[in-house]
Amino acid sequence: MLTRESRSQSVTIVLAIGAVFSLATLVARLGAFHLPGNHQGYAPEQPIAFSHRLHAGELLIDCLYCHHGAETSRHAGIPAGSICMNCHSIVTDTLGSVRAEDERAEEEQRKPRRMVSAELQKLYDALAVDEEMKPIPGRTPRSIEWIKVHNLPDFTFFSHAAHVPTGVACERCHGAVETMERVRQVEDLSMGWCVNCHRSVNRIGVGGRAVDASLDCAACHY
Amino acid sequence: MMPEKNPKTYWKSLSQPCGAAPSPPVAGDEFPESHEPARQEVRRRDFLAAAGFALGGVALGGCRRTPVEKAIPYLVQPEAIVPGRAVHYASTCGACSAGCGLLVKNRDGRAIKLEGNDLHPVSRGGVCAVGQASILGLYDNRRLRHPLRGGEPATWDEVDADISPLLDAIRTGGGSVRFLSGPITSPTKRRVIQTFLGRFDDGKHVSYETLSTAAIHQAHERTHGRRALPRYLFEEADVIVGFDADFLGTWIAPVAFTAGWSDRRKVEQAADDFSYHAQFEGRVSVTGTKADRRIRIAPSELGAVVNHLASTLAARAGVSFDSGQQTPLPIDEHVLEEVSAHLWRSRGKSLVVCGSQDVDVQVLCNFINETLGNYGRTLDISQPAATGGDGDGAVQSLMQELASGRVDALFLDNFNPVYDLPNGAAFATAMGKVGLIVSFADRLTETSEQARYVCPDHHYLESWGDVSLGNAVVGFRQPVMRPLFDTRSCLESLTRWSGTTTTAQDLVRQTWGDRVSWDRAIHDGFASVSEEPARATTFRADAVSAVPTPDELSADAFALVLYPKVAMLDGRVASNPWLHEMPDPVTKVVWDNYASLSPAAAQRLGVTDGDLVSVRHSPEGGTATSIELPALVQPGQHDRVVAIALGYGHAQSARFADVGPEWLEKKPTLGPNGLVGMRAAGLLTYQKGTLQLSGASVTVSPTGGKHELASTQDYHNIEVPAALVIPGMDRRRPMIRETTLASYKRDGSLPVLGHGTHHEDLGDLWPDDHKYEGHHWGMVVDLAACTGCSACVVSCQIENNIPVVGRDEVRRKRIMHWLRVDRYYSETDGEVDISHQPVMCQHCDHAPCETVCPVLATVHGEEGLNQQAYNRCVGTRYCANNCPYKTRRFNWFEYAREDKLANMALNPDITVRTRGVMEKCSFCVQRIEEARIAAKRLGRPIADGDVRPACQQSCPAGAIVFGDMNDPKSAVSKLIRSGRHYRMLEETNVKPSVGYLGLVRNRKEDEDHQHHG
């Protein structure tokens, strides 16, 4: 049994250990300090170096062209390989690379070869198709395992379909994706951040239209 | 103003039958185990302060990225599928042979919930508990993942290469082949089996069912010349008389029957067509609890009562009926007179149904229905469903054949005769004489273990199929997801071995050809087959004769009643934990079967709940069988009856050894035999060629042992705490309010409550600070329609990811169901009445739970929902303590299981709760949000009926109505305006959003007064 004295001693020791740990942590991570669960700035490397800057920024492809689930489903969705192939069955490399090959071919007086960029080759490998976009016999297609950037905890329900059709712009939550070479989490996606927006749109509306953004816990937590 | 009457008194269990008796301490407390003084040397606060600080530091130090989550898209996107959005496919339930219509909710390629198909002409939107739970069979890790050859994994090619030549040899040698199955309601399957067997000189199909209706088939063969099961139209019947037929619980097609029966029990729609329902039975069935008059009779008395009723009605109709040597009427003459008068008055609009397996009794019931002119009106034999009807003896003849070694090949459908048959062990031995045994079982059972080849069939949700439903309606089944394992449809296996390679889809399509519009039929899940002609039949009066008097029971013997439990049926679902943990609608016992005895019988034997008794059946000239079971005292049961549920003691239940949390004081879920409950199939008997579930004479003797039953009957008590009883006031509160049809029609309201039970002018503890400007969600439960069948309980469990906790945790009052069905006993003229009351979170406008939560984890929503934020909850349990309705459930352990396959059935929209968190009914807020999002997209408000919680969706009786109380035109608002509407514990002024419609029984008013006096 512990005496009163030895008890206070043990408490002191535990407190001291705690203090040392906390201090060490704070000093070490002061620069990039986030609360637990906040992954602001997360920009993982993806299996294919897909550039949103090129597709959404330069080529002005609409977000919903690829992420078409956003209007009707909880998930915006990562486009299937078949959606990439709508263009990339024809476009297989950068314009510069194709032109360079054309010039080289003209110089060497031969038919230009089909150019395939290293990144797109990964897509064709996944779909198990050859240069002519024909299935390669004996090869099984394999899904591309993208790394999810924007993660919400499991106890939070979020639906794109509740937001996108009401007129909330994609960049309101995802930032200027069209400028990003590799996608980065811009906002902290914390509850406070969600609630602040829900409060403000109830006052000012979305795109001039009045909306009814719920502040109930059970709007997201169930 | 009417004089105040003392209301009828209700009690929940025999431990509190007479009002003032204090309940045992376990029953009274929400958390019975929290009173133990803590033994702590270091003060708890010191320790927590220090540990919390230290932990905080360590946690911050350990802060890092959560594990990488992947998003893996399709390679080629299927057109109809959007990840995250549910798709519903129409199909037909395969849990029993009733063939109810389903809409299967499929999310991201997997089925996650079964909903009723509202358009379905037979089941009309309901799904029973067993049907609901059958989805778990899909994700059962005991399922075979590939064919087996001699117990070793094999490929389909290997199995086919083995079986085909063997069959060819049998064919050329003129050998005999048998196909043994349950009742086959699928025309395609029947056709395929016939084609397969037709290739052999001696090929025969034999079917049987433990829950047999062979006597009805045979009786109709005698009286109508047609071996068939009639369609029963309860919705057409003004008067229903049931003889031992649990048609609201387990008999034939309970969902369809409940839908029909409840049509005539909803006072608001049908005050003038309210039916009268009398039930004669020995045990207490779900159907019996809902009867207006319930008459206890022993199985041996059934024949005499039917005899008397037949002769009374024949006399009224002026039809000749030779009643033979009449045995004296074993019941009160006035009762029989009342029943026969009701029947006669409603001739042509009445219905007599009988669950007996005595063909003579069934013939008499046919005679009664014929005399009353009911054929063609309330029951119909002209277009019956195609069912088996080989008679119960066929399987026994087959067994003799097997034992003699004359059978060369035996094919077994996905079922388990070694368990089902009373002489299952002998069947297993007989199987040993067969050269080639092929089983289509989806798992290894007592039967399929003996098969050299096990060729697992798909789960029904992965299959094509059809079900004949009678009245020229066919239900269709389509695969709702890709098969999980390397299984193959039984249809395809059989055609493959017949030398062709037609797919199951084509086989089903071939059966119907142009008779149905295929796409439409698959889309709807059912179709009318126009060309199936109705066949007129005539009644053969010469087939009718009085029932011979059965032997009297000897003085100390009991009549055995074996019955299918609502959740367990004949044991085909014994591997399903949801169904084991569903409290029985009548006894409220989980994870066990038991020997039910009436209070008088129990007293005579000197036993009480949980005392082990030995039930022994020694037939003349046969070997004695006995089983040992815990006793259960069941008020309302006949004094000479001992009732035992079938379906337990199943080898499949051995898997539940590890159900429930692991901890020091864990007690096993399984009984001493290593299984859940005891197998009662050994007590089944054959008489006059039919399988008898009831009537055998048995002796019951206490063994002195004890086996504590886990029953929820005393849990979640809502009586006034002992310390707060106002002198002169009853501790019990009027939870159930009840009236008779006559007085309700006269008054348009429920009887006024007695003195001291209402306090309308006590004022509010809470300010009226909720405006409910948008929607205000509310629910009404009709107690007159509710049968207690508990389909809602299981539906809620599946929808909301509610864990199974195991027998020991239930015993500790830790059952997690958000929705419970309370059962109350009351008494009228010495007869026990049973009432059911579904209780879920009442979403009080002035919720007492909200005021006591120290961390605001439970708060009030703008639309009246009482919300629970799991991530905020720290588990103080104050809320549960303060809930007057006892609807909150606490996660004492991490109940969620790491069963990857079973977890595929989880609802991805709902959080899986962790240890230390409080949870409760949310009014299926996920469905409200889903409807809101859909309505928003369409730019319209949420319409009445857009939101249906899981309990309402699957209720076969339509007893639960949910909607917006702010909308005066909504269904729920209309019911709230009904004179029957009341709220539970109204006097506490917590303003619940759930209301009840008082129970109405169709009784004479004077009985009502008599009782209240």
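Here B:226, B:171, B:191, B:199 are screened, and the one residue that is more than 30 Å from residue B:682 (Cα to Cα) and at pLDDT below 90 is B:226. Being in contact (Cβ under 8 Å) with a residue 40 or more places away in the chain, over 30 Å from residue B:297 (Cβ atoms), at the interface with another protein chain (Cβ under 10 Å from one of its Cβ atoms) and buried (at least 20 other Cβ atoms within 10 Å of the Cβ) is a condition met by no residue of the range B:882-889.
Tell me, yes or no, whether the range B:346-357 has at least one residue that is in contact with a Cys (Cβ under 9 Å, 6 or more places away or on another chain) and farther than 19 Å from residue B:691 by Cβ. Within the range B:346-357 (the criterion being in contact with a Cys (Cβ under 9 Å, 6 or more places away or on another chain) and farther than 19 Å from residue B:691 by Cβ), the answer is yes, since at least one residue qualifies. Every condition in (1) surrounded by fewer than 20 Cβ atoms within 10 Å (Cβ to Cβ); (2) in a loop (DSSP other than H, G, I, E, B); (3) touching a residue at least 40 places away in the same chain (Cβ under 8 Å); (4) not hydroxyl-bearing (Ser, Thr, Tyr) holds for residue B:384 except the one numbered (1).
Are any of the residues in the range B:428-442 within 30 Å of residue B:376 (Cβ to Cβ) and not in a helix (DSSP H, G or I)? The answer is no; no qualifying residue exists. Does the range B:85-139 hold any residues that are more than 25 Å from residue B:184 (Cβ to Cβ) and in a helix (DSSP H, G or I), and which are they? Selection gives B:139 alone.
Here is the figure for the range B:32-58: residues that are modelled with pLDDT of 60 or more and either assigned to a helix (DSSP H, G or I) or touching a Leu at 6+ places or on another chain (Cβ under 9 Å) (or both) total 17. Among residues that are touching a residue at least 24 places away in the same chain (Cβ under 8 Å), within 13 Å of another protein chain (Cβ to nearest Cβ) and surrounded by fewer than 20 Cβ atoms within 10 Å (Cβ to Cβ), residue B:908 is included.
More than 20 Å from residue B:144 (Cα to Cα) and part of a strand (DSSP E or B): does that describe residue B:508? The answer is no for residue B:508.
This table checks each residue for (1) assigned by TED's automatic domain parsing to the domain that holds residue B:183; (2) polar (S, T, N, Q); (3) surrounded by fewer than 19 Cβ atoms within 10 Å (Cβ to Cβ).
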{"site": "B:360", "(1), (2), (3)": "no, no, no"}
{"site": "B:366", "(1), (2), (3)": "no, yes, no"}
{"site": "B:369", "(1), (2), (3)": "no, yes, no"}
{"site": "B:418", "(1), (2), (3)": "yes, no, no"}
{"site": "B:426", "(1), (2), (3)": "yes, no, yes"}
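The set of residues in the range B:578-623 being farther than 30 Å from residue B:133 by Cβ and among the basic types (Lys, Arg) consists of B:604, B:616.
Among the residues examined, residue A:96 does not qualify as at positive phi and either out of contact with any Gly (no Cβ under 7 Å at 6 or more places or on another chain) or in contact (Cβ under 8 Å) with a residue 12 or more places away in the chain (or both).
Selection within the range B:917-942: residues that are β-branched (Val, Ile, Thr) and buried (at least 23 other Cβ atoms within 10 Å of the Cβ). The member of this set that is farthest from the other protein chains (Cβ to nearest Cβ) is B:928. Within the range B:66-107, the set of residues being farther than 21 Å from residue A:150 by Cα and aromatic (Phe, Trp, Tyr) comprises B:89 only.
A search for C-beta distances below 6 Å between a residue of the range B:335-357 that is in the same structural domain as residue B:292 (by TED's automatic domain parsing) and any residue that is surrounded by fewer than 18 Cβ atoms within 10 Å (Cβ to Cβ), counting only pairs 6+ apart in sequence or on different chains, returns B:344/B:316; B:347/B:373; B:348/B:373; B:348/B:377.
For the range A:26-45, the candidate set comprises residues that are at pLDDT 65 or above and within 8 Å of chain B (Cβ to nearest Cβ); within that set, the residue that is farthest from residue A:174 (Cα to Cα) is A:36. Would you mind stating whether residue A:152 is within 18 Å of the chain's Cα centre (by Cα) and either part of a helix (DSSP H, G or I) or at positive phi (or both)? Here the answer is no, as residue A:152 does not meet what is asked. Here B:245, B:237, B:256 are screened, and the one residue that is more than 23 Å from residue B:339 (Cα to Cα), crowded, with 24+ Cβ neighbours inside 10 Å and assigned by TED's automatic domain parsing to the domain that holds residue B:343 is B:256. Is it the case that the range B:194-211 has a residue that's within 25 Å of residue B:424 (Cβ to Cβ), part of a loop (DSSP other than H, G, I, E, B) and out of contact with any helix residue (DSSP H, G or I) (no Cβ under 8 Å at 6 or more places or on another chain)? Looking for residues that are within 25 Å of residue B:424 (Cβ to Cβ), part of a loop (DSSP other than H, G, I, E, B) and out of contact with any helix residue (DSSP H, G or I) (no Cβ under 8 Å at 6 or more places or on another chain), one finds at least one in the range B:194-211, hence yes. Kindly check whether there is at least one residue in the range B:852-860 that is within 30 Å of residue B:773 (Cα to Cα) and polar (S, T, N, Q). Within the range B:852-860, one or more residues are within 30 Å of residue B:773 (Cα to Cα) and polar (S, T, N, Q). If you go through the range B:946-968 and keep only what is out of contact with any helix residue (DSSP H, G or I) (no Cβ under 7 Å at 6 or more places or on another chain) and surrounded by fewer than 19 Cβ atoms within 10 Å (Cβ to Cβ), you end up with B:966, B:968. Selection over the range B:292-350 of residues that are part of a loop (DSSP other than H, G, I, E, B) and either of a type in the set (Ser, Thr, Tyr) or under 29 Å from residue B:598 (Cα atoms) (or both) gives a count of 13.
Considering every residue within the range B:402-413, establish whether at least one is within 29 Å of the chain's Cα centre (by Cα) and either within 29 Å of residue B:202 (Cα to Cα) or at pLDDT below 90 (or both). Yes, the range B:402-413 contains a residue that is within 29 Å of the chain's Cα centre (by Cα) and either within 29 Å of residue B:202 (Cα to Cα) or at pLDDT below 90 (or both).
In this structure, residue B:180 does not qualify as surrounded by 14 or more Cβ atoms within 10 Å (Cβ to Cβ), outside any loop (DSSP other than H, G, I, E, B) and out of contact with any strand residue (DSSP E or B) (no Cβ under 8 Å at 6 or more places or on another chain).
The listed residues are A:147, A:136, and the only one of them that is among the β-branched types (Val, Ile, Thr), within 12 Å of chain B (Cβ to nearest Cβ) and surrounded by 13 or more Cβ atoms within 10 Å (Cβ to Cβ) turns out to be A:147. Counting only helices (runs of 4 or more DSSP H) that fall entirely inside the range A:40-112 and contain at least 2 residues that are buried (at least 16 other Cβ atoms within 10 Å of the Cβ) and either aliphatic (A, V, I, L, M) or out of contact with any strand residue (DSSP E or B) (no Cβ under 9 Å at 6 or more places or on another chain) (or both), the qualifying elements are A:63-66, A:81-88.
Among the residues making up the range A:161-181, those that are more than 8 Å from chain B (Cβ to nearest Cβ) and of a type outside the set (A, V, I, L, M, F, W, C) are A:163, A:167, A:171, A:172, A:174, A:175, A:178, A:179, A:181.
The values are calculated or read from the model by the stated rules, or taken from the named source; none is laboratory data. Quick caveat, the model's predicted, so the values are computed rather than measured. Methodologically, a virtual Cβ is constructed for each residue, glycine included, from the backbone with ideal geometry; neighbour enumeration extends over all protein chains shown.
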